[in-house]
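*Asks:* Handing you this structure, nothing more for now.
The values are calculated or read from the model by the stated rules, or taken from the named source; none is laboratory data. All values derive from a computational prediction rather than experimental measurement. Cβ placement follows ideal geometry from the backbone for every residue including glycine, while neighbour counts extend to all protein chains displayed.
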Amino acid sequence: MREPSPYSIRRAVESDQPVIRRLVRSECLNPRDVHWQNFLVVEDESRIIGIGQIRLHGTVKELGSLVVLPEYRGQGVGGALISALEMQAGYPLYLMCRNDRVSYYQRFGYVVLSDAHIPPAMIPRRVLWIARHLLRGQFAVMLKVA
């Protein structure tokens, strides 16, 4: 029999916004569209230990701003949060990450997309071209379909 998780996952509330912003900044993630209404948070008792959101680009859904506190990594917190966000959003579900994170998301069934398959609603072609050149291609866009 599986032991109950010591963590709980819930929808964010307005008072979580400062913690959400701090965690996003701490990982140098995209600070755009960081609104508490889009987030789920993971708590260990009353402390937020992880966050993640579903960001909408028209009808395109993106898993974004996934952060787990360093001392809780490797304990299944990120995986539980990804599963909860996927259940909330459904599929297809896109995400953008640094290249060093690709293998992590592949464990959950995400695949790397070629630039031609990235929805323009998520990243307009001109912005994608600029980002690829400025960041020297050090990021990937991934997709999970089910």
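*Asks:* Under 9 Å between Cβ atoms, which residue pairs at least 6 apart in sequence (or on different chains) link something in segment 112-128 that is in a helix (DSSP H, G or I) with a partner that is at pLDDT below 85 and surrounded by fewer than 13 Cβ atoms within 10 Å (Cβ to Cβ)?
*Replies:* Cβ pairs passing all conditions: ASP115/ARG125; ASP115/TRP129.
*Asks:* What tally of residues in segment 112-141 results from selecting those that are within 19 Å of the chain's Cα centre (by Cα) and among the β-branched types (Val, Ile, Thr)?
*Replies:* 4
*Asks:* Could you please find all residues in segment 11-29 being touching a residue at least 40 places away in the same chain (Cβ under 8 Å) and within 14 Å of the chain's Cα centre (by Cα)?
*Replies:* Answer for segment 11-29, where residues must be touching a residue at least 40 places away in the same chain (Cβ under 8 Å) and within 14 Å of the chain's Cα centre (by Cα): ILE20, LEU23, VAL24, GLU27.
*Asks:* Suppose the filter is outside any loop (DSSP other than H, G, I, E, B), of a type in the set (S, T, N, Q) and under 18 Å from GLY50 (Cβ atoms); does SER103 pass it? Reasoning before the result, please.
*Replies:* On the way: outside any loop (DSSP other than H, G, I, E, B): yes; of a type in the set (S, T, N, Q): yes; under 18 Å from GLY50 (Cβ atoms): no.
So SER103 fails the test.
*Asks:* Taking the condition of being in contact (Cβ under 8 Å) with a residue 24 or more places away in the chain and either farther than 15 Å from LEU66 by Cβ or in a helix (DSSP H, G or I) (or both), how many residues in segment 39-55 meet it? Can you show your working first?
*Replies:* Pass one, segment 39-55, residues in contact (Cβ under 8 Å) with a residue 24 or more places away in the chain: 39-44, 48-54.
Then drop every residue that is not either farther than 15 Å from LEU66 by Cβ or in a helix (DSSP H, G or I) (or both), which leaves 43-44.
Result for segment 39-55: 2.
*Asks:* Further question on the same structure: In this structure, does PRO31 turn out to be out of contact with any Cys (no Cβ under 6 Å at 6 or more places or on another chain) and either modelled with pLDDT of 95 or more or of a type in the set (S, T, N, Q) (or both)? Don't jump to the end; show me each part of the working.
*Replies:* Numbers: out of contact with any Cys (no Cβ under 6 Å at 6 or more places or on another chain): yes; either modelled with pLDDT of 95 or more or of a type in the set (S, T, N, Q) (or both): no.
Criteria not met by PRO31.
*Asks:* All but one of (1) over 29 Å from VAL127 (Cα atoms); (2) among the polar types (S, T, N, Q); (3) in contact (Cβ under 8 Å) with a residue 40 or more places away in the chain hold for SER8; which doesn't?
*Replies:* Exception for SER8: condition (3).
*Asks:* Moving on to the next point. Being under 13 Å from the mean Cα position of the chain (by Cα) and exposed (fewer than 14 other Cβ atoms within 10 Å of the Cβ) is the filter here, so list the residues in segment 57-87 that pass it.
*Replies:* Once the filter is applied, which keeps residues that are under 13 Å from the mean Cα position of the chain (by Cα) and exposed (fewer than 14 other Cβ atoms within 10 Å of the Cβ), segment 57-87 yields GLY79, SER83.
*Asks:* Which pairs turn up if I take residues in segment 56-79 that are part of a helix (DSSP H, G or I) and look for partners that are among the small types (Gly, Ala, Ser) and buried (at least 16 other Cβ atoms within 10 Å of the Cβ) with beta carbon separation below 8 Å, at least 6 apart in sequence or on another chain?
*Replies:* Close Cβ pairs satisfying both conditions: TYR72/GLY50; VAL77/GLY50; GLY78/GLY50.
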